[in-house]
Structure formats: structure tokens, C-alpha cells
1. For the range 254-276, how many residues are farther than 21 Å from Leu228 by Cβ, among the hydrophobic types (A, V, I, L, M, F, W, C) and part of a helix (DSSP H, G or I)?
2. Determine, yes or no, whether Ala287 is in contact with a Ser or Thr (Cβ under 9 Å, 6 or more places away or on another chain) and without any contact (Cβ under 8 Å) to a residue 12 or more places away in the chain.
3. Can you name every residue in the range 216-230 that is of a type in the set (A, V, I, L, M, F, W, C) and open to solvent by 10 Å² or more (accessible area, probe 1.4 Å)?
4. Open to solvent by less than 10 Å² (accessible area, probe 1.4 Å), within 22 Å of Asn470 (Cα to Cα) and at pLDDT 90 or above - does that describe any residue in the range 440-452?
5. Applying the selection to the range 424-439, what residues are open to solvent by 90 Å² or more (accessible area, probe 1.4 Å) and part of a strand (DSSP E or B)?
6. For the range 325-339, give me each residue that is polar (S, T, N, Q) and crowded, with 18+ Cβ neighbours inside 10 Å.
Amino acid sequence: MTSKREHEDSVRVNAEGFESDPKRQKRNGHSSPSSSPPSPASEGFLLPGFNYGDEDDEDNYRRPPVNDYRGDGGDNQRDLKSGVEIEEEDDIDDLGQGLYRRGREIEVRKDCPYLDAVNRQVLDFDFEKFCSLSLSNLNVYACLVCGKYYQGRGKKSHAYTHSLEAGHHVYINLRTEKVYCLPDGYEISDPSLDDIRHVLNPRFTEEQVEQIDKNKQWSRALDGSDYLPGMVGLNNIKETDFVNVTIQSLMRVTPLRNFFLIPKNYQHCKSPLVHRFGELTRKIWHARNFKGQVSPHEFLQAVMKASKKRFRIGAQSDPVEFMSWLLNTLHADLRTSKKDSSIIYECFQGELEVVKEIPKKGIEKKENGDDQNTDVVTENNGIVKERYKMPFLMLGLDLPPPPLFKDVMEKNIIPQVPLFNILKKFDGETVIEVVRPCIARMRYRVTRLPQYLILHMRRFTKNNFFVEKNPTLVNFPVKNLELKDYIPLPTPKENERLHSKYDLIANIVHDGKPGEGSYRAFVQRKSEELWYEMQDLHVSETLPQMVALSETYMQIYEQQQ
């Protein structure tokens, strides 16, 4: 009779197809698969073959990763734990009692006879990492032959079944980026698969990020079409053009883009929205994509969840509202404490001085010390004047009302207004009458200019019945907008220069009727200082003179240094 220890050793060899004699392994230098695995009949309940479980997931269960948001939509530790339980159930079927889970090794091969079947034309990693059958986001693998996503690698998993039914043998783990051959179960180590890993998870070094605005080279997609990295079209999934124009505009903000191109900068952050925005940024600027466009599907899912469906696929929204929400949410998610700033505030935050004049009878009783930054002065004529400073990320400009009557030719005149006229709102002298929350007279003055100035024209007015659109055209300079000529700016400190000159880098326009219509963006490519018109998947070069001819809605200006 054999001892219990000898029986366990024989089970280990039979179950894994590996030699378990340490002396022999040391002599050979590596573990080699047994040349003739025993038949199922000879080993009773055990089946021959390699390890089919997921050693990656078992490792993750022991050491749950922090801040790894690639491919999971919920609580990592809970998801990983439940994922391990699924795989352990598979292993119990595969290995009898699952006794040897922790001691197994995966064979790594450099050559695989099935690599010729890999079809890069069908691979698309822009969509959510969910199994196409179980709809689970745990342990998801992409079939590199047909492009579909399947769960697991164990003998009862969907990927294993697909490999037997369809004869598709090469799979990549969407989180670890390891490639496996099923049903054989070995890992494939072949540098020819690196381009697929780069498309799944684009990478940038700090040197590449610094050179990105100097690159004038076009890239070629698999279908033979050429595209410019950073100037790729975005899929309009269903009425999501308001998201697309916002993303395309923010991609021109150099410090913001450079921050999100390197995931190390925000690895401390646990917000899925931040990580999805980073992924989308890297895909837009990646020079080795398989196709010349990107789908913002995963980012939109994160937006729907974070905004509690305020912004969602299939419902047209306002890009100004979306920009405001996105910047504030990203800032709140990125900062580690209330006092901390973030890359959002470093780029876009300026400061206004507000003077508010209220009739004394219209004032609600306030407790003393509500706001330490507010100076309250009561004047003799019964008017209370409040003066305080407030930060801003965006300035709203009011358009003059359009004419009510047609001209002699019975046609509506489309009025025009220079940008400098409507900027006078922030000169500290122009009075703005407001009704809500109480009747007051407001005056605004810019006391600190941001590095990137966002302006939006208040084109739409809502009443109880419908939305009206103001068609007034705004005339603005594309280069050298000098603000100090039109609004008083604070005097700089002794050793500082006043940077008040701005260049336009992005211009969002609205076409069509209010409540309907569509959005387009004009953006500048820095490496050649050329302008491009972008509307969803449509990207075309345009002249700078064309940028100012449309009904501009939102603009981003960059401060000249």
C-alpha cells in the first residue's frame, strides 16, 4: 500500500501535467509538461491537462489591488472576492478537491500555433469589459479571433466553452493583459502581441508627453486610413454630441491633457470617472490605434453613474452645463483634502470681485459672521452694499436681444456684436440687474485671470412655455485677445508681469433650433497651428477665418506666457 503522502504526489502530477520532483526540476532548469498525460480512466475522478483556473484572480484575492479601476465597475475587493469564489468552484470540478490550487504553475510558451488566427480588425476595447454571456465584469477575457468578451478560464467557464465550440484559441485578460491559449491553458509570451496590449491600455512616458505637441506625423489605422493622434473622431452613441465637443475642447488644454496621459498622477484617486477620463485621453492621443476613431462608451457609463443620470446616452444636454459639472466633479474627486487644489483649478480657476447693492427692505436677516470675506456697508439712501470675492471656472456673457422687426426686404437681420462689448460686464462699473434670489444690482470685476479662460455666450433663454435662441453672431479674435484694453485688471506684484493676452484654442458652436440641433467644435492643433472642425466622427481641416462665422456658444482661451 502506498502512503498518503505518495498518493498526494501522484495526484499533483496527474492533475497538472507537470513533474513535481524538485530534484529533477532543478536538474532540468525548468518545469516541463509530462510527455504522456494519463488517461481519464487511469486516474479515476481526475482529468488530465494543465491548470485551467485563474491564478491571477487568486493572487488578487490575497492582495486586493488599490485603485485598479480597469474593467471593474464596483467595489474592487468585493468583486475580486466573488470572482475568486467562482473560479474556485471551477477548480473543485477540475481538480477533485481543489487541494493544490496555491502550488500550481502556468506553463509559459514563446511559440503558439494559433497566433495566425488573431484578427486585429475585429478587436475593439472601447466598450465596457463585460462577459457577453454572463454580463459579469469579473475575470473577463477578450477572444482575439472574434473580439467577443467571455468570463473566466476554468473548465466550466464561458471562454473555455467558446474555445471548444468555435475553435478560437487565443484570449487576453482585459485587466492583467496576459494572453492564454485555451483549452490547452498555457500562457503565450510573444512580442508580436504587444501592439494589442498597447491598444487595450495605451501607455505614455514623460518624454513622449513632452514631445506630443511637436509631433506632425500622421498614423495609419488597420483599414489603411490615416489619422492624426489627438485629432480623432468620437462616436456619437445617441445624442451624445454635447459630450464629444466638451472632450475635444478639453483635449487642447495642455497641462490637463499631460496630467491625464500618465496614470501615476492620479493613482491615489478612487473615482471611476477620473480613471475613465484618463483612459479616454490616452486613447485619443495614442499613435498606434487600430482605427482612426474612439468610442467614449466607458466614459459615458461613468458619467451616467456619477451624475445620477443627469447626463445620459439618448438625451441631448447642454455642453456648458456638462463642462461645469465635469470640471467640478473631477476637481472634487482628485483633491485629497478640502484645502488641496487640483489640476482643474490650476488650469481654469480665476477670481471675481462682486459688489451687490440691495434695497434694505429686500434683505433677509443674516447672522453675523456668515462670510468673513464679505464687507457690508449701509448707505444713507437705504441701500446695503456687499463686497466679496468669489472664484470662477467659467464666465457667462450676455448677448444683446435680437431685433423684433424685419427689415425692408422682409428678412430678419442677424445682428452682430464684438466680444469686447459683452466683456464689459466684468469691468467693475457695468450694472447688471438681477431678480433672483432678490432684487439687486450687481457689478463684477476680474481680480485674477486663469491660465485657461472659458467663456460661454448665454444664447438660450427659457420661459414657462419654450426655449428661445438668440442668433446674434459674436465677433472675436482668434489670436491676441488683449483683455486689459477692455476690463481693468489688478496691478501685478513687483517681479511679475501681467499676462492678459489670450489665444483661442477651442470654439464650440450650436447649429439648428433651440432644444434640438447639434454641436460642433473648432479646435487648434498646436504642432502646426492649424484649425480643425470636429463633429462626432467627422474631422476636417478648416481656415481660421471660418471659426468666427458660426453661432459660437463656448470658448476656451489660452494665456500667452
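1. Looking only at that region, the number is 3.
2. no
3. Trp218, Leu222
4. Initial filter on the range 440-452 (open to solvent by less than 10 Å² (accessible area, probe 1.4 Å)): 440, 446, 450, 452.
Filter once more, keeping what is within 22 Å of Asn470 (Cα to Cα): none.
No.
5. The initial filter retains those residues of the range 424-439 that are open to solvent by 90 Å² or more (accessible area, probe 1.4 Å), namely 424, 429, 433, 435-437, 439.
Glu433, the sole residue that qualifies.
6. The answer is Thr329, and nothing else.
Here is a yes/no grid of residues against (1) in contact (Cβ under 8 Å) with a residue 12 or more places away in the chain; (2) closer than 23 Å to Gly292 by Cβ; (3) within 28 Å of the chain's Cα centre (by Cα); (4) open to solvent by 60 Å² or more (accessible area, probe 1.4 Å):
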| position | (1), (2), (3), (4) |
| --- | --- |
| Ile106 | yes, no, no, no |
| Asp111 | yes, no, no, yes |
| Val140 | yes, no, yes, no |
| Glu187 | yes, no, no, no |
| Ile196 | yes, yes, yes, no |
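Table: residues versus (1) in contact with an Asp or Glu (Cβ under 7 Å, 6 or more places away or on another chain); (2) within 30 Å of Gly512 (Cα to Cα).
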{"position": "Ala166", "(1), (2)": "no, no"}
{"position": "Leu174", "(1), (2)": "no, no"}
{"position": "Tyr186", "(1), (2)": "yes, no"}
{"position": "Ser189", "(1), (2)": "no, no"}
{"position": "Ala221", "(1), (2)": "no, no"}
{"position": "Gly233", "(1), (2)": "yes, yes"}
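The values are calculated or read from the model by the stated rules, or taken from the named source; none is laboratory data. All values derive from a computational prediction rather than experimental measurement. Cβ: placed from backbone, ideal geometry, glycine included. Neighbour counts: every protein chain shown. Accessible surface areas use protein heavy atoms only, side chains included; no ligands, DNA or RNA. Shrake-Rupley method; radii C 1.70, N 1.55, O 1.52, S 1.80 Å.
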